[in-house]
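Enquirer: Supplied in structure tokens, the structure appears directly below.
The values are calculated or read from the model by the stated rules, or taken from the named source; none is laboratory data. In this text, all values refer to a predicted model and were calculated from it rather than measured experimentally. So basically every Cβ, Gly included, is an ideal-geometry build from the backbone, and we count neighbours across all protein chains shown.
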Amino acid sequence: MILSVALIISNAITIFLLLKRPGHPPSPKEVIIERLDFSADQIAKYDDLIKGHRKFLKSSDERIMGLKNELFQKLDQDQPLEKDSLITLINKQQRTIEEAHFEHFKSIRGLCEKEQIAKFDELTKDLGTIFRPPMPPGKK
């Protein structure tokens, strides 16, 4: 009997703590869908845009990592031209990524109906914070 009561109390405390725990913030994708009030068709098209964009970003990030590894191999060598050349290539790749982000958001805007364009334009004011990585606890 005592064991049963202890288990019931333990379960009640566990449930209370789970319900009281703050939820995770919505993902950028969820924020965009909600703020633009996308239809099911728009969401499907948005998913396709995201898949293509992520694939491009993955290959670009891999290219940058390869170039950085190559750059770091030059630390023991005194070859400033080669170092500068690698840094220029890294910068070009990063620029390509930023251009791809811009075009990605233009494509999202292209999914919008007339009445959603104003919502999109308002959303653009918050894109920097929506896509900012979460701060570790205690760093805010």
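Residue by residue, here is whether (1) at pLDDT 90 or above; (2) surrounded by 13 or more Cβ atoms within 10 Å (Cβ to Cβ); (3) hydroxyl-bearing (Ser, Thr, Tyr) holds:
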residue	(1), (2), (3)
SER4	no, no, yes
ILE15	no, no, no
ILE50	yes, yes, no
PHE102	yes, no, no
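Enquirer: Something else about it: For residues that are among the polar types (S, T, N, Q) and within 21 Å of THR96 (Cα to Cα), scanning just the stretch 59-82, find the one that is surrounded by the most Cβ atoms within 10 Å (Cβ to Cβ).
Expert: Out of the qualifying residues, it is SER60.
Enquirer: Same structure again: Answer yes or no as to whether ILE9 is modelled with pLDDT of 80 or more and either more than 30 Å from ARG109 (Cβ to Cβ) or surrounded by fewer than 10 Cβ atoms within 10 Å (Cβ to Cβ) (or both).
Expert: Judged against the criteria, ILE9 is a match.
Enquirer: I've got another one for you. Which one is farthest from GLY110 (Cα to Cα) among residues in the stretch 62-95 that are under 18 Å from the mean Cα position of the chain (by Cα) and free of Cβ contacts under 8 Å to residues at least 24 places away in the same chain?
Expert: GLU62
Enquirer: Looking only at the stretch 22-42, which residues are free of Cβ contacts under 8 Å to residues at least 60 places away in the same chain and farther than 23 Å from ARG132 by Cβ?
Expert: SER39, ALA40, ASP41
Enquirer: Among the candidates LYS119, LYS55, which residue alone is among the basic types (Lys, Arg), in contact with a helix residue (DSSP H, G or I) (Cβ under 8 Å, 6 or more places away or on another chain) and surrounded by 10 or more Cβ atoms within 10 Å (Cβ to Cβ)?
Expert: After ruling out the rest, the residue left standing is LYS119.
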